[in-house]
Each structure stands twice: as C-alpha cells, then as structure tokens.
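Engineer: Quick one: the structure is below, questions incoming.
The values are calculated or read from the model by the stated rules, or taken from the named source; none is laboratory data. On a predicted model such as this, the values are computed, not experimentally measured, just so you know. Methodologically, a virtual Cβ is constructed for each residue, glycine included, from the backbone with ideal geometry; neighbour enumeration extends over all protein chains shown. To get the accessible areas, we keep the full protein, side chains included, count just its heavy atoms, and leave off ligands, DNA and RNA. Shrake-Rupley method; radii C 1.70, N 1.55, O 1.52, S 1.80 Å.
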Amino acid sequence: SSKPNWQGRGAPVADKTVTGLEDLQKFLDQLPAKLEANIMRSALAAGCRLIAKEAKEKCPQRKGKLRASIRVSSRLKNGKVTAAVKAGGKSAWYWRFVEFGTARMGARPFLTPAANKLPEALAAFEREVIPAIEALNIKGS
C-alpha cells in the first residue's frame, strides 16, 4: 500500500517499490557504474513518462499551470538511480490542495490515480532496459 507523502516541496505523492528484479540487478551489478546508471535512468524515466502523461490527462485545468508543472525527474545519488513524477513549483504550489482537498474544497486527485499506471510503466521500463542490455551483450561478444 502507498500513503501520501506531504514532506518537502515536490515530494512524491505515492511511493511505489517494485520487487522481484533480482536477475536484472545481478546483471547490472557486473556493469561499470556509469553505464548501469545510464541504462537505469533512461528506463526509469520511460516508465515515469507514462505516469506523468496520465497525471496530465487527469489533472483538473483552469489556467493550465498545474498541468504544465507535472514533470519527470531522475537523479543519481550515492550510486542509486531514482526517478519520480512531480507536480508543483513556484507557479503551481497549490498542487497538494487539489490532490488531497482542503476543509473547504474536495479532493480532485490526479497523481494518485496516475500511479495505477504502474503495470504499464513497468512494461515501458522493460522495453527500454532489455534492448540496452541486449546491445551490451552483442558488443561484449
């Protein structure tokens, strides 16, 4: 299960962890760190782009600032690649009020329902990572 995360600006709304990728991780551990990071960053971003697209489609729109603020972010920190779908920023700081509602306004979630696209995001991840690994196997042969 995932719980809303209200911490920090641009913090993830739903934090999903995927398990069962041990074979992929074993293979990636054999690669140079920079190459592994590039493959993972590209594949994770591909999956997140699907979720971001869904969030934009579900996002209520008045002026379009909130919808325009939805983006994919990826980074490498301490040897670990992460990717996230984020919303908000200076022009759309109110995203939490729209997503979760307030005492005076009902919630109009757009990020949380977009997280339901996780199976499709995993398929996009696979479509990106498998050819990259196969290309490495061809070059290494």
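Engineer: Having 1 or more residues that are without any contact (Cβ under 8 Å) to a residue 24 or more places away in the chain and small (Gly, Ala, Ser) is the bar; report the helices (runs of 4 or more DSSP H) wholly within region 71-141 that clear it. If you could, list the steps in order and put the result at the bottom.
Structural biologist: Values: elements: 95-100, 111-114, 118-140.
Here the list reads 118-140.
Engineer: Suppose we keep only residues that are open to solvent by less than 50 Å² (accessible area, probe 1.4 Å) and over 17 Å from the mean Cα position of the chain (by Cα) within region 107-141. Which one would you say is modelled with the lowest pLDDT?
Structural biologist: Leu136
Engineer: Another one. Report whether or not Lys65 is without any contact (Cβ under 8 Å) to a residue 60 or more places away in the chain and more than 30 Å from Glu36 (Cα to Cα).
Structural biologist: Details: without any contact (Cβ under 8 Å) to a residue 60 or more places away in the chain: yes; more than 30 Å from Glu36 (Cα to Cα): yes.
Against the criterion (without any contact (Cβ under 8 Å) to a residue 60 or more places away in the chain and more than 30 Å from Glu36 (Cα to Cα)), Lys65 qualifies.
Engineer: Within region 84-105, which residues are open to solvent by 50 Å² or more (accessible area, probe 1.4 Å) and under 17 Å from the mean Cα position of the chain (by Cα)?
Structural biologist: Listed by number, the list holds a single entry, Lys86.
Engineer: All but one of (1) at pLDDT 90 or above; (2) in a helix (DSSP H, G or I); (3) not aliphatic (A, V, I, L, M) hold for Pro60; state the number of the condition that does not hold.
Structural biologist: Every condition holds for Pro60 apart from (2).
Engineer: Here's a follow-up. Among Leu66, Leu35, Leu76, Leu50, which is the only one that is at pLDDT below 90, surrounded by 13 or more Cβ atoms within 10 Å (Cβ to Cβ) and not acidic (Asp, Glu)? Write out each step before concluding.
Structural biologist: On the way: Leu66 fails: at pLDDT below 90; Leu35 fails: surrounded by 13 or more Cβ atoms within 10 Å (Cβ to Cβ); Leu50 fails: at pLDDT below 90.
Sole residue among the options that is at pLDDT below 90, surrounded by 13 or more Cβ atoms within 10 Å (Cβ to Cβ) and not acidic (Asp, Glu): Leu76.
Engineer: So, Arg41, is that one at pLDDT below 90, assigned to a helix (DSSP H, G or I) and either closer than 25 Å to Thr112 by Cβ or under 18 Å from the mean Cα position of the chain (by Cα) (or both) or not? Spell out how you get there, then give the answer.
Structural biologist: Details: at pLDDT below 90: yes; assigned to a helix (DSSP H, G or I): yes; either closer than 25 Å to Thr112 by Cβ or under 18 Å from the mean Cα position of the chain (by Cα) (or both): yes.
When the stated conditions are applied, Arg41 passes them.
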